[in-house]
1. Of the residues D46, D99, D86, D11, which is of a type outside the set (G, A, S), farther than 23 Å from A150 by Cβ, surrounded by fewer than 19 Cβ atoms within 10 Å (Cβ to Cβ) and modelled with pLDDT under 95?
2. Could you check, for segment 124-134, whether at least one of its residues is free of Cβ contacts under 8 Å to residues at least 40 places away in the same chain and among the basic types (K, R)?
3. If you check every pair at least six apart or on different chains, which have Cβ atoms under 8 Å apart with a residue in segment 82-95 that is without any contact (Cβ under 8 Å) to a residue 40 or more places away in the chain and farther than 18 Å from A35 by Cα first and a residue that is part of a helix (DSSP H, G or I) and of a type in the set (A, V, I, L, M) second?
4. Checking K143 against (1) free of Cβ contacts under 8 Å to residues at least 60 places away in the same chain; (2) closer than 30 Å to T104 by Cα; (3) not polar (S, T, N, Q), only one condition comes out false. Which one?
5. When segment 20-57 is examined, which residues are found to be part of a helix (DSSP H, G or I) and free of Cβ contacts under 8 Å to residues at least 12 places away in the same chain?
6. Which of the residues spanning segment 124-148 are over 13 Å from G188 (Cβ atoms) and among the small types (G, A, S)?
7. Tell me whether segment 128-138 contains one or more residues that are modelled with pLDDT of 95 or more and in contact with a Phe, Trp or Tyr (Cβ under 8 Å, 6 or more places away or on another chain).
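The values are calculated or read from the model by the stated rules, or taken from the named source; none is laboratory data. Everything quoted here is computed from the prediction, not taken from an experiment. Methodologically, a virtual Cβ is constructed for each residue, glycine included, from the backbone with ideal geometry; neighbour enumeration extends over all protein chains shown.
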Amino acid sequence: MMERPWPTREDAWQLLCEFTRSESLRKHALAVEAAMRAYARRFGEDEERWAIVGLLHDFDYEMHPTPDKHPLEGARILRERGWPEDIVHAVLCHADYLDVERRTPMDRAIYAVDELASFIVAVALVRPHKSIHEVDVAAVRKKMKEKGFARAVDREIIVKGAEVLGVDLDEHIAFVIEALKPVASDLGIAGTEV
């Protein structure tokens, strides 16, 4: 009998749902998953593995929302449950304050897309039709200058993320916008295409 591949996206989704009740946090995980999947494809990497990191990066946040525990507690849970170390390491890499070395493209990508995916969704939600199809690089850059808009999103990390990934910031923003379009309905930003 063949063993089933481990881990699967379904394994990651079940773990996320076990620890995360908030619809907004689940949507954030789906947005980051989509961006990670797109970058994996661009770099010729394992889409499923990268997508899993996107789904799981904040799975413990609802239970452990403080920097002294998130994502360290999540990493502990993943290790206790036998998750592969490269996934655990990548999850740790999204937290700038942990100062974990980003050794692989997957480590760098999760750091680069986390804040940006949230920010793009926020921009889409304030567009007239609440649609990702109304969001472009100029709209994102304009909102980045508004300190009161989506104030929880760290603009410096968005900029630093593009640098860490080795891509131009505008190119990075455009790429993540496109990556979110296929999952726009799941994220509540499908609106009406314009």
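1. When all the criteria are applied, what remains is D99.
2. No, every residue in segment 124-134 fails to be free of Cβ contacts under 8 Å to residues at least 40 places away in the same chain and among the basic types (K, R).
3. Filtered contacts from segment 82-95: D86/M106; V88/A75; V88/L78.
4. (2)
5. Of the residues in segment 20-57, the ones part of a helix (DSSP H, G or I) are 23-43, 47-56.
Scanning segment 20-57 gives E23, S24, R26, R41, E47.
6. So the first thing to find is which residues in segment 124-148 are over 13 Å from G188 (Cβ atoms), and the list is 128, 133-148.
Selection gives A138, A139, G148.
7. For segment 128-138, residues modelled with pLDDT of 95 or more and in contact with a Phe, Trp or Tyr (Cβ under 8 Å, 6 or more places away or on another chain): absent.
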